[in-house]
Every structure is written in C-alpha cells, then in structure tokens.
Amino acid sequence: MASPRRLLIGLDVDGTLIRLDETISPAVHEQVDRVQRLGHEVTLATGRSWETAQPILAKLGLTPEFVVCSNGALIMQRDAAEPSGYRREWVETFDPSEVLRTIRGHLPRGSYMVEDATGFRRYTEGMNDWELTGAEQVDFDQLSHFPASRVVVTAPELDNNEFLELVRAMGLNQVSYSIGWTAWLDIAPMGVNKGTAMARVRDELRIPGSDVLVAGDGRNDLEMFEWAVAGGGRAVAMGQAPDELKAVASEVTATVDEDGLARVLAAL
C-alpha cells in the first residue's frame, strides 16, 4: 500500500497509545500498523526514557527514522550498527544543581530522579513507580554531579491540585517543565520540549507542516500541539486530556479506554 501524502505522525505513549494497565488495545495496534504500511512516518513523542520507550516500539513493530524521548531532550536515530537499532543522535543537557536546590526547598519530602546524557538514571529513595532497572539509588547531593537531560520529581503525599499550586509558586524560569496527571514534575533544559524535538524531526525528514499529526493526553504535549497547529497540522487531544490541552488542540477524540487514537488513525 502507498499513500499520496506521507504524514509525520507523532504519538504520545502513556494515555494515548497505551492504557493505564500498560496494555495496547488490538484496535490501536491494528491502526498503527496499517498507517505505517501506508507509508506514513509513525513515531513516538514521549516523556519516557529511551529504555522504556524502546519496548513500546517493539510491541508495535514500529521502525521510524527518529524517536523523541525524555520530553524532547533526546532524539534517537535509526542505526543498524547499534545493538538496539538506534543511536542517541541529539541530547540536550543542563546543570541540574540550581533547580534541584529550588525544588528541594519546597519539597523536602519529594523523591527525585536525574537522567544523564548517556541515559543512566540516578534516583533517591521513594521513586517507586518508575522503571529503574539498571539505575542507581543515591543520596540527594549526588544528583547534581552530572549534566542532566531530564529531572523527575514526585510528591505522592500531595494531591494534584496542591502539587500544581506548589510547582507554579517555585518560579522555575531557568528550565522547561511539565506537570503530570498525578503529583510528578518533569524538567528538561530551557526551551526544550516535545515540540522543539518534533520540529527537528520534521525538518530532517522534509515533511511539510501541513502533513503533521500529533496526539497526546498530557500537559507535556502542550508545546507539541501548539507547534503542530501553528504549522497547519493536526493536534488531537485524547478524551481524558486536561482542559488546557484540549484548548490548544485542533480536535478531541475519545478516551484511551475508548480507543480514541484508533478512531483518528482509521480515518487516514
């Protein structure tokens, strides 16, 4: 099969491609496979590290040229010479010292994880809900020893509204950040997000902005949606997305449990 227009399709993972229980519905799997076979460039644009994004690619049988990870701080490029089939092509980093001190002052009981330029992760006690195979537990002070591509902070004792207010009061102006569905904060280098990474991918692939489709359900998709819509593309919010994401989307589909992404892809 072949399509007259080659679309760049950037898909968020959690809450978009996969459900809360980490499963992928047969309908979504079928439609992702179908649109890839049509010749469209289907990739991931995720907050996940490469180590946790790679299994999703494998499950779906996706082989895009580029994969956006760590909320845009990392772009992987396909490379047959690498054991994983991909190499770390672009990595953005920053000195996490100041932002860690700032957040620690507001969240002394928070749990922290820092991912460095190689993808290695160091974390403090309490980071229990994250995949940390091959990572290292360290004292808080050791988190600042290496340039970071990503910092994650969790505060499970706070409800989401309390956490939102607290983060907004911190004045994190020297970094890019997004707030999750629950009380977790994802921090990237200043000016780096899924949108900036997808823009680089689109430029490399020479695909017009009008031939971009992105889908997501979280606050970390905001900049990617704004970028896609500004270029004449489509930005599809999942039905369970927060209102601020729906407000910048070009359209809203059904929830992840209702196979909202499959409905969008089936129309291509």
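Just so you know, all these numbers are worked out from the coordinates, no wet-lab data involved. Source: prediction; values computed, not measured. Reconstructed Cβ throughout: ideal geometry from the backbone, glycine too, with neighbour counts over all protein chains shown.
Here are a few things to note about the model shown:
- Full-stretch length increase - Asn160, Arg5 - with 0.36 nm per residue and alpha-carbon distance subtracted: 51.7 nm
- Trypsin sites (Lys or Arg not before Pro) within the stretch 152-256: DSSP coil, no more than 14 neighbouring Cβ in 10 Å: Arg206
- Considering only Val256, Asn220, Leu38, and ranking their Cα positions along the charge dipole of the chain that arises from unit charges at the beta-carbon of Lys, Arg, Asp and Glu, the one farthest toward the positive end is Leu38.
- Qualifying GluC sites (Glu not before Pro) in the stretch 125-190, DSSP loop, other Cβ atoms within 10 Å at most 13: Glu125, Glu131, Glu157
- Relative counts (whole %) of C-alpha pair distances in the stretch 97-189, using bins that are 10 Å wide: 16, 56, 27, 1
- Computed from label points 7 Å out along Cα-Cβ, the spacing between Asp243 and Ala230 is 2.5 nm.
- Between Leu185, Leu158, Leu132, the Cα set farthest toward the positive side of the dipole of the stretch 97-189 (charges on each charged residue's Cβ, about the Cα centre) is that of Leu185.
- Here the spin labels are modelled as points 7 Å beyond Cα on the Cα-Cβ line, and at Ser210 and Ser250 they lie 1.0 nm apart.
- Distance from the C-alpha centroid of the stretch 119-139 to that of the stretch 53-117: 14 Å, rounded to the whole angstrom.
- The residues packed around Ile179, meaning those with a beta-carbon under 11 Å from its beta-carbon, carry a net charge of -1 if Lys and Arg are +1 and Asp and Glu are -1.
- Computed per residue of the chain from DSSP H runs no shorter than four, each worth -39500 (n - 2.57), the mean residue ellipticity at 222 nm is -8500 deg cm²/dmol.
- When the chain is treated as a GNM with alpha-carbon contacts under 10 Å, the residue of Leu222, Leu164, Leu11 showing the greatest mean-square fluctuation is Leu164.
- Here the extension length gained between Ser84 and Arg200 equals 39.6 nm, from 0.36 nm per residue of separation less the Cα-Cα distance.
- Taking a span of 20 Å or more along the helix axis (Cα atoms) and a mean Kyte-Doolittle hydropathy of at least -1.0 as the rule, no DSSP H helix of the chain qualifies.
- Computed over the Cα atoms of the chain, the ratio of the radius of gyration to the Kirkwood radius (Rg/Rh) comes to 0.96.
- Measuring nothing but how far apart in sequence close Cα pairs (under 8 Å, 6+ apart) lie, relative to its length, the chain scores a relative contact order of 19 percent.
- Summing +1 for each Lys or Arg and -1 for each Asp or Glu among the other residues whose beta-carbon sits under 15 angstrom from that of Ser84 gives 0.
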